[in-house]
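The values are calculated or read from the model by the stated rules, or taken from the named source; none is laboratory data. Note that this is a predicted model, so its numbers are computed, not measured. We place every Cβ from the backbone using ideal geometry, glycine too, and count neighbours over all the protein chains shown.
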Amino acid sequence: MVYGPAGTLRRMAPSLLSDIKPKYLYKYNSSDEQDQIYVAVYEEYEKQINSSITLTCVIECTGKQIRFDLTTTGGRMGFRGSSLDDAKSIEDDVTDYILDFGKRFGLSVKEVNQEEEEKEES
């Protein structure tokens, strides 16, 4: 979750999507143009271990906050003979971008666990 001034929050998602280009992108605007939802799918192929990693990034923008939901799928972990290198994954790049953008523009970034979210909704 990212909190801050509405104008800065509105610039965050388009800035992320233009700097780190997704393979697929879907954008939804609410009827009153206040809320926006972006679904971006990033795909990274690792030739050394012959696998691809897919990152699905769901961005929910409201006037008061932005919620990022990052889900990674794919890859080969734990198989013998697969070499795990120290290269940054696409998830690391997106997370670093969110944190850096937040620092540069004075936004509050908070990580929310599923359990905390369920308690807040109750």
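The rows are residues; the columns are (1) more than 13 Å from Ile98 (Cβ to Cβ); (2) charged (D, E, K, R); (3) in contact (Cβ under 8 Å) with a residue 12 or more places away in the chain.
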{"position": "Ser18", "(1), (2), (3)": "yes, no, no"}
{"position": "Pro22", "(1), (2), (3)": "yes, no, yes"}
{"position": "Tyr28", "(1), (2), (3)": "yes, no, no"}
{"position": "Glu33", "(1), (2), (3)": "yes, yes, no"}
{"position": "Tyr42", "(1), (2), (3)": "yes, no, yes"}
{"position": "Asn50", "(1), (2), (3)": "yes, no, yes"}
{"position": "Thr73", "(1), (2), (3)": "yes, no, yes"}
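Just need a number here: residues in segment 61-71 that are touching a strand residue (DSSP E or B) at 6+ places or on another chain (Cβ under 7 Å), without any contact (Cβ under 8 Å) to a residue 60 or more places away in the chain and either under 8 Å from Leu9 (Cβ atoms) or buried (at least 17 other Cβ atoms within 10 Å of the Cβ) (or both).
1
Check whether at least one residue in segment 48-66 is among the hydrophobic types (A, V, I, L, M, F, W, C), touching a Cys at 6+ places or on another chain (Cβ under 6 Å) and farther than 19 Å from Lys88 by Cα, and report yes or no.
For segment 48-66, residues among the hydrophobic types (A, V, I, L, M, F, W, C), touching a Cys at 6+ places or on another chain (Cβ under 6 Å) and farther than 19 Å from Lys88 by Cα: absent.
Would you check which residues across segment 16-48 are out of contact with any Pro (no Cβ under 6 Å at 6 or more places or on another chain), hydroxyl-bearing (Ser, Thr, Tyr) and surrounded by 13 or more Cβ atoms within 10 Å (Cβ to Cβ) and list them?
Tyr38
Residue check, Asp85 against (1) modelled with pLDDT under 85; (2) surrounded by 12 or more Cβ atoms within 10 Å (Cβ to Cβ), all met but one. Which one?
With (1) modelled with pLDDT under 85; (2) surrounded by 12 or more Cβ atoms within 10 Å (Cβ to Cβ) applied to Asp85, the lone miss is (2).
Working only within segment 1-15, note down all residues that are of a type in the set (Gly, Ala, Ser), touching a helix residue (DSSP H, G or I) at 6+ places or on another chain (Cβ under 9 Å) and crowded, with 16+ Cβ neighbours inside 10 Å. Write out each step before concluding.
Start the filter on segment 1-15 by keeping residues that are of a type in the set (Gly, Ala, Ser), which leaves 4, 6-7, 13, 15.
Next cut, touching a helix residue (DSSP H, G or I) at 6+ places or on another chain (Cβ under 9 Å) only: 4, 15.
Scanning segment 1-15 gives a single hit, Gly4.
Looking at Gly106, Gly102, which one is of a type in the set (Gly, Ala, Ser), modelled with pLDDT of 85 or more and surrounded by 11 or more Cβ atoms within 10 Å (Cβ to Cβ)?
On the way: Gly106 fails: surrounded by 11 or more Cβ atoms within 10 Å (Cβ to Cβ).
That would be Gly102, the only listed residue that is of a type in the set (Gly, Ala, Ser), modelled with pLDDT of 85 or more and surrounded by 11 or more Cβ atoms within 10 Å (Cβ to Cβ).
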